[in-house]
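Encoded as structure tokens, the structure appears first; notes follow it.
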Amino acid sequence: MKTSKKGFPDNFLWGGATAANQIEGAYNIDGKGLSSADMVAFVPKEQRTGGHAIEITSKQIERILAGKVDARFPKRHGIDFYHRYKEDIALFAEMGFKVFRISINWARIFPNGDDAEPNEAGLQFYDNVLDELHKYGIQPLVTLAHYETPLGLTQKYNGWAGREVIDCFAKYAETVFRRYKDKVKYWLTFNEINMMPLSPFTGGGVVIDRVENKLQTIYQALHHQFVASALATKLCHEIIPDAKIGCMLARMETYPYSCKPEDVLKAQHGNQMNLFYTDVHARGEYPKYMDRFFEENDIALHKEPGDDEILKKYTVDYISFSYYMSLTVSDSPQNERAEGNLFGGVKNPYLKASEWGWQIDPIGLRVTLNAMYDRYQKPLFIVENGLGAYDQAEEDGSIHDTYRIDYLRQHIAQMKEAIRDGVELMGYTSWGPIDLISMSTSEMSKRYGFIYVDQDDEGNGTLKRSRKDSFEWYKRVIATNGEEL
Ligand code: BGP
């Protein structure tokens, strides 16, 4: 048997991915309003429940705003990218990045989410960042909403639970499309849109303590996001005809624990519940299997006339996803739970887990790339992947992060295999190319970067940037277009 030699396409987009609320800081500078992320406090280790289940009540928000909560809010300060973006982008350029994923913090543009006019200082900041990227020939990939709902929308409409937010979002999207039409050709609507059921506040600024039927509220809010995403797709195509716009999912390839038919069925259901989001975005309609789920959970979605047509008409150009782990499910209650694994599941005996319990599975990436391409026949883009780990700086400041290199090498090798299998893959942006604040725990010590940032969990440090061993490694990967791993 011959082995295919096909490698990464010449125009493959190598780079890194970030989110405004995890890097920028400057949370109340130059007219920025508060966003959901600014309410998220540091979670001490003993209080962690694993995953991303950050829940906040309306009472807690009131107390935070009244200054009655004695906690730190690391996402308000990030790694000060707001003032250091030039230095950081120069480092990305040194690694040879072809693309850099950022998000626009909506509350920097519309401080309350529904203001009459945009905030010019906020718009100017992103102009500066985009210009800096283009200076080095780096393509920006921009997420419109990465867990950053303006807090004003939570207070007024309960975030995305309120239908009014669709119009606010459409106005925001139109504003940034018009402003950056010559500078941004790759867009994403909602980051990990499937986060909503796990954490409605993170996913959509929704506080669920005010509502009776939690699931009803969550899926209604999601419906609003689907419609908003389709409207943004429409606007993007009209305003920037040569741009591509995609959706974004936290992909959980779900395995049956055994070949017992009950396990297999459960895994199939798990995959459906995960791919539901990309089904709506790519196929343009709610899949039939959701009818049963809605019925059995007393969910009656309210759709306005025209909603279904909008979803059908404005489907995405490509599908992007984050991939950190796979998920294994079992029908037997005696199986050991996978503590810390995002979205639960049981322990997969063939996989090792990260220090945060995320089950590492490079082959699962090839499985999922094949499965998704097969299902949608649309280009795919891996916009997050990486290993969160504790790094140890040596006396001379060097950091030998071989574990990170191993993780990335194995995943990239599987991407190459998937391309040989025939998958159309546009690019790869590893998560957190520079250390940043953790999304789920607000730790600084959960590091993903090729670039080290001198800051600890308490927010102490010089914020000095330095290169880890993985920096040179990734630079080589990009320079050889994935041939040398
Ligand atoms: C994804 C989010 C990112 C990011 C990443 C790693 O879910 O889109 O914002 O942070 O996960 O998660 P964490 O920071 O919790 O390790």
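The values are calculated or read from the model by the stated rules, or taken from the named source; none is laboratory data. Bear in mind that the values here come from a model prediction, so they are computed numbers and not experimental data. Here Cβ is always computed from backbone atoms with ideal geometry, including for glycine, and neighbour counts include all displayed protein chains.
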Check: Somewhere in the stretch 365-384, is a residue of a type outside the set (S, T, Y), within 20 Å of the chain's Cα centre (by Cα), at pLDDT 95 or above and closer than 23 Å to Y85 by Cα?
Finding: yes
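Here's the yes/no breakdown for (1) under 30 Å from K98 (Cα atoms); (2) modelled with pLDDT under 95:
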{"position": "L144", "(1), (2)": "yes, no"}
{"position": "Y147", "(1), (2)": "yes, no"}
{"position": "T175", "(1), (2)": "yes, no"}
{"position": "K185", "(1), (2)": "yes, no"}
{"position": "L198", "(1), (2)": "no, yes"}
{"position": "G205", "(1), (2)": "no, no"}
{"position": "L235", "(1), (2)": "yes, no"}
{"position": "I239", "(1), (2)": "yes, no"}
{"position": "A243", "(1), (2)": "yes, no"}
Margin query: I want to confirm something. Restricting to the stretch 292-338 and keeping residues that are closer than 30 Å to R366 by Cα and acidic (D, E), which single residue is modelled with the lowest pLDDT?
Written below: E336
Notebook entry, point to check: Considering the stretch 218-254 alone, what residues qualify as being more than 16 Å from the ligand (Cβ to nearest atom), surrounded by fewer than 24 Cβ atoms within 10 Å (Cβ to Cβ) and not in a helix (DSSP H, G or I)?
Noted result: I240, P241, D242, A243, K244, T254
Margin query: I need a count of the residues in the stretch 145-187 that are within 16 Å of the ligand (Cβ to nearest atom) and either surrounded by fewer than 24 Cβ atoms within 10 Å (Cβ to Cβ) or β-branched (V, I, T) (or both).
Written below: 1
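State which residue is surrounded by the fewest Cβ atoms within 10 Å (Cβ to Cβ) when the search covers only the stretch 361-394 and only residues that are more than 24 Å from G422 (Cα to Cα) and either touching a strand residue (DSSP E or B) at 6+ places or on another chain (Cβ under 8 Å) or not charged (D, E, K, R) (or both). Lay out the reasoning, then the answer.
Our first condition is that a residue be more than 24 Å from G422 (Cα to Cα); within the stretch 361-394, this holds for 387-394.
Then keep just the ones that are either touching a strand residue (DSSP E or B) at 6+ places or on another chain (Cβ under 8 Å) or not charged (D, E, K, R) (or both); that gives 387-393.
Details: L387: 25, G388: 22, A389: 17, Y390: 10, D391: 18, Q392: 8, A393: 13.
My answer is Q392.
How many residues are not β-branched (V, I, T) and not in a loop (DSSP other than H, G, I, E, B) when one looks only at the stretch 371-406? Walk me through how you get there before you give the answer.
Filtering the stretch 371-406 for residues not β-branched (V, I, T) gives 371-381, 384-398, 400-401, 403-404, 406.
Then drop every residue that is not not in a loop (DSSP other than H, G, I, E, B), which leaves 371-376, 380-381, 384, 389, 403-404, 406.
Residues flagged as not β-branched (V, I, T) and not in a loop (DSSP other than H, G, I, E, B) within the stretch 371-406 amount to 13.
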Note to self: Being over 15 Å from G345 (Cβ atoms) and of a type outside the set (D, E): is that true of L327 here?
What the structure shows: no
Margin query: Looking at the stretch 71-86, I want the residues that are charged (D, E, K, R) and have a partner that is surrounded by 18 or more Cβ atoms within 10 Å (Cβ to Cβ) and in a helix (DSSP H, G or I) with Cβ atoms under 7 Å, at least 6 apart or on another chain. Which pairs are those?
Written below: K75/N21; K75/Q22; K75/A37; K75/D38; R76/D38; K86/E132
Notebook entry, point to check: Any residue in the stretch 409-421 that is surrounded by fewer than 23 Cβ atoms within 10 Å (Cβ to Cβ), in a loop (DSSP other than H, G, I, E, B), β-branched (V, I, T) and away from the ligand (no atom under 16 Å from the Cβ)?
Noted result: no
Item checked: Selection status of Q124, more than 16 Å from the ligand (Cβ to nearest atom), surrounded by 18 or more Cβ atoms within 10 Å (Cβ to Cβ) and at pLDDT 95 or above -> no
Next item on the list: Please go through the stretch 439-467 and pick out each residue that is surrounded by 19 or more Cβ atoms within 10 Å (Cβ to Cβ), modelled with pLDDT of 95 or more and not charged (D, E, K, R).
Entry: M444, Y448, G449, F450, I451, Y452, V453, Q455
Check: Taking interchain pairs and intrachain pairs at least six residues apart, which have beta carbon atoms under 9 angstrom, with the first residue in the stretch 376-399 and closer than 15 Å to D456 by Cα and acidic (D, E) and the second within 14 Å of the ligand (Cβ to nearest atom) and assigned to a strand (DSSP E or B)?
Finding: D391/R447
Note to self: Quick check on my filter: what residues within the stretch 233-270 are of a type in the set (A, V, I, L, M, F, W, C) and either within 21 Å of E192 (Cβ to Cβ) or in contact with a Pro (Cβ under 6 Å, 6 or more places away or on another chain) (or both)?
What the structure shows: C236, I245, C247, M248, L249, A250, M252, V264, A267
Next item on the list: Test each condition in (1) in contact (Cβ under 8 Å) with a residue 60 or more places away in the chain; (2) surrounded by fewer than 19 Cβ atoms within 10 Å (Cβ to Cβ); (3) within 14 Å of the ligand (Cβ to nearest atom); (4) not small (G, A, S) for E339 and report the one that comes out false.
Entry: (3)
Next item on the list: Give the stretch 322-370 a look and list any residue that's in a loop (DSSP other than H, G, I, E, B), within 23 Å of M415 (Cβ to Cβ) and small (G, A, S), or say none.
Entry: S326, S354
